[in-house]
Amino acid sequence: MPSLIVILGPTGVGKTDLSIGLAQQLSTEIVSCDSRQIYREMRIGTAVPSPGQLAAVPHHFIGSHSIHETYTAGKYELDALELLDKLFQKHPVVVMAGGSGLYIDALCNGIDDFPEAAPGLRESLMQRAETEGLDVLRQELKLLDPDSYNELDLKNPHRVVRALEVTLSTTRPYSSFKKKQQKVRPFNIVKIGLQRPREELYERINRRVLQMIDEGWEAEARGLYPFRHLPALNTVGYKELFDHFDGKTTRQEAITLIQQHTRNYAKKQLSYWGRDKDIRWAYAEEFPENIL
């Protein structure tokens, strides 16, 4: 049976370099599981691998879609499974690398099949979240679907809105569509989590933000500013730059906020994966020798 090695870990930990080194040793290809690197218009702000890195090993799902397309974890599950079926015909082992927990879960465990929401309902709910406040929608969700209210990240407006739109569209609780059953895959899955001491990780994040600014991130964000309402751009870094363009913050304040929010995101990633007992954790400097 073929094997999929999943290299995961918080942003800034060094997944790109290390996964390329592993893929070269195994003479295989890399499937990206980053929900933002998939968008071709967001190259600098999502730390897409350099042209040299992309040339070193074949990569998939890097810059393969546009921010103007609707792309979901459910779609990724189907597309990635189709791709892996082809790759396993050439390679006994394939490397997957990235930090999007939902995409990794979708591929490894399967994602629940939720119905389409009524047209325009999501936009209406997002507008309500802005005008009435997110807490109003939280309380509505608590009334209609207490199970989802207790399980979801209530600080994330997109998760709250998604649960509400399904519930209102179908007159069934969002939670009722969850099967909670892991799908069986026709390949072995090995999950490797990369980690670094927290102070080292945070310093790497701070330096990388400055490097991305030097590479032209502001210009990239200005070009995307007219599309700031798109879900793809509701992303750490772009949001702070958009606020700067609106005059809400200075340039230095925006950079400092990007660093802070990226560190917070890394902490959330580690917390998310803390529940997964199948992950084998390794310090980045030990990788990949101890893994092989």
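Just so it is clear, none of the values below were taken in a lab; they were calculated from the coordinates. Nothing here was measured: the structure is a model prediction, and the numbers come from that model. Cβ: placed from backbone, ideal geometry, glycine included. Neighbour counts: every protein chain shown.
For Rg and Dmax of the Cα atoms in Å, computed directly from the structure shown, the correct entry in [x] 17.7, 50; [y] 23.2, 80; [z] 19.6, 56 is [z]. Within the listed set 211, 89, 37, the residue fluctuating most in the Gaussian network model of the chain (springs between alpha-carbon atoms under 10 angstrom) is 89. Over 14 Å apart: what share of the alpha carbon pairs of segment 121-177 falls there, rounded to a whole percent? Across segment 121-177, Cα pairs with separations above 14 Å total 44 percent.
Given R₀ = 22 Å, FRET efficiency for residue 235-residue 211 by Cβ-Cβ distance, to 0.05? If you can, show how the numbers build up before the last one.
Values: r = 18 Å, r/R0 = 0.80.
Given R0 = 22 Å and the Cβ-Cβ separation, E is 0.80.
Given only helices, namely DSSP H runs of n ≥ 4 each adding -39500 (n - 2.57), what is the per-residue ellipticity at 222 nm of the chain, to the nearest 500 deg cm²/dmol? Taken over the chain, the calculation gives -15000 deg cm²/dmol.
Taking segment 154-197 and a reference point 7 angstrom along Cα→Cβ of residue 1, the backbone N atoms nearer than 18 Å belong to 181-192. Computed over the chain with a Gaussian network model linking Cα atoms closer than 10 Å, the most mobile of 229, 91, 244 is 229.
Spin-label model, residue 260/residue 121: points 7 Å from Cα along the beta carbon direction are separated by 3.7 nm. Highest GNM mean-square fluctuation among 200, 140, 69, for the chain modelled with Cα contacts below 10 Å: 140.
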